[in-house]
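Let me begin by presenting the structure, written as structure tokens, before commenting on it.
Any read-out appearing in this document is the output of simple, stated calculations on the displayed coordinates, not a laboratory observation. All values reported here derive from a predicted model rather than from experimental measurement. Note that each Cβ is placed from the backbone with ideal geometry, even for glycine, and that neighbours are counted across all protein chains shown.
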Amino acid sequence: MGYYTEFNPDAHLRITPPLKPRDLAALEKFIWHTYHGDESLWGSFTWMVSRTRLVPWPDHGKYYGWKEWIRYLIRVWFEPNGYKINGRVWFLGDVDTDAGYFCVDDNVVTIDPMSSKEIRNDFLYQIRVRQRGEKPQYVNSR
């Protein structure tokens, strides 16, 4: 049981400048302590953190509360420590109205809603292109 969310196959958000090793360790510790210390937080943080990217755990599926977590981390950790998050990720949740693009531009988060049909068409397009060995272009991207 749980709430499932799909992302575009190469989903990630960029971190700039790259995290210093000590900042990466501090962020991982912050995430762990925040999640385990505050029962009121939404869902679980199901994205992996590297020095340069935030990436959804592959094949995890149960991504609930992820939008709130990323907004929270930007506000209380990335921004105060001088880091910027950027990127555009499409998502498709279990509910048809939970679909669109999650956009971050220099730590400013916006959501560009789309129909689940548009997202599914984009997803299927990308799969077909990858099967041919080509690099996909986002059909519905700006």
Checklist line | Spatially proximal aspartates and glutamates relative to K84 (Cα-Cα < 18 Å; intrachain offsets below 8 disregarded) | finding: D23, E28, E68, D105, D106
Notebook entry, point to check: Quick one: if you stick a label point 7 Å off each Cα along the C-beta vector at Q131 and D94, how many nm between them?
Noted result: 2.8
Check: Modelled label-to-label distance, K84 and S50, 7 Å Cα→beta-carbon offset: nm?
Finding: 2.1
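Just subtract the alpha-carbon distance of F30 and V109 from 0.36 nm times their residue separation and send over the number in nm, one decimal.
Values: separation 79, 0.36 × 79 = 28.44 nm, distance 2.10 nm.
Stretched fully, the F30-V109 segment lengthens by 26.3 nm.
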